[in-house]
Amino acid sequence: GEIGSMVLIPEIVDAVNIPVLGAGGIGRGRQMAAAMALGAQGVWCGSVWLTTEEAETHPVVKEKFLAATSADTIRSRSLTGKHARMLKSAWTEEWDRDDRPDPLGMPLQPILTTEAQKRIARAAHTKGSGAEKLANYFVGQIVGTMNQSKTSGQVVIEMIEEFIESVESLARQLEV
Ligand SMILES: Cc1cc2nc3c(=O)[nH]c(=O)nc-3n(C[C@H](O)[C@H](O)[C@H](O)COP(=O)(O)O)c2cc1C
């Protein structure tokens, strides 16, 4: 079991005397407003940048991200040896099989997989290849709302706009 941000952010905000950034699952203004409501002074975003035009995400992986739903990720030790959320792909399915060995620990699993990952990335450009099916990368559950490639500037502007709408809509609930 993991502790979700709904529980964790207010606990941390109450426990420390420094500014707190909310992180994890924040990719749009309503999520930013929620983190601020929980007491965070700001937010920290990761996944949302991976489908931006500036991102160095592998083009095959970028297309998979744009098509994925929030149910298409899995926590897996198959890339680093430590648990990390990533897109489900033939890679995670193979590592998940009952008849395969467990991934090694950090740093042995990356030593085992880095070269294979490089080859997968090179070969994945070939349509219909096994490598295309294997390709995946770290990403959070907000991948489900990452449906369109945008500039990172657009992502920021839209996030701020939806944050403002969201806060104004909450403020209206206080009007008599
Ligand atoms: C591709 C990728 C690589 C990341 N690498 C690291 C890392 O090396 N160390 C770390 O502490 N967090 C890492 N993170 C986590 C981010 O810093 C951030 O806390 C997290 O992605 C926030 O959740 P979100 O992806 O739902 O926005 C990574 C995230 C992504 C998407």
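Readers should treat all values here as calculations from the given coordinates under stated rules, not as data from a laboratory. Since the model is a prediction, treat every value here as computed from it, not as a measurement. Because the Cβ atoms are built from the backbone with ideal geometry, glycine has one as well, and the counts that use them run over all protein chains shown.
The table for this structure:
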| quantity | calculated |
| --- | --- |
| Positive-end residue, the chain charge dipole about Cα centroid, Cβ charges, pick of Gly29, Ile111, Gly42 | Ile111 |
| Under the Karplus curve 6.51 cos²θ - 1.76 cosθ + 1.60, θ = phi - 60°, whole-Hz ³J(HN,Hα) for the range 87-96, x wherever Gly or Pro sits | 5, 5, 7, 4, 4, 5, 4, 5, 5, 7 |
| Inter-site label distance for Val7 and Ser149 at 7 Å from Cα along Cβ, in nm | 4.0 |
| Interchain or long-range residues, amide H under 5 Å from Gly22's placed H | Gln41, Gly42, Val43, Trp44 |
| Length added when fully stretched, Trp44-Leu112, from 0.36 nm per residue minus Cα-Cα | 21.4 nm |
| In the range 117-156, the trypsin sites (Lys or Arg not before Pro) that fall in loop regions by DSSP, at most 12 other Cβ within 10 Å | Lys127 |
| Span-like helix ranges in the chain, DSSP H, alpha carbon extent 18 angstrom or more, Kyte mean at least -0.5 | 108-123, 152-172 |
| Lysine pairs within the range 54-149, Cα separation less than 19 Å, 8 or more sequence positions apart or different chains | 13 |
| Distance in nm between pseudo-label sites at Val16 and Ser70 (7 Å out along the Cβ direction from Cα) | 2.6 |
| Sum of side-chain charges, Lys127 neighbourhood, beta-carbon under 13 Å (Lys, Arg +1; Asp, Glu -1) | -1 |
| Segment Thr126-Glu54, extension gain: residue separation times 0.36 nm, minus the distance between their alpha carbons | 23.6 nm |
| Net charge dipole size for the chain [Lys, Arg +1 and Asp, Glu -1 on Cβ; Debye, nearest 20] | 620 |
| Prolate/oblate/rounded call for the range 1-158, Cα gyration tensor, a/c under 1.5 rounded | oblate |
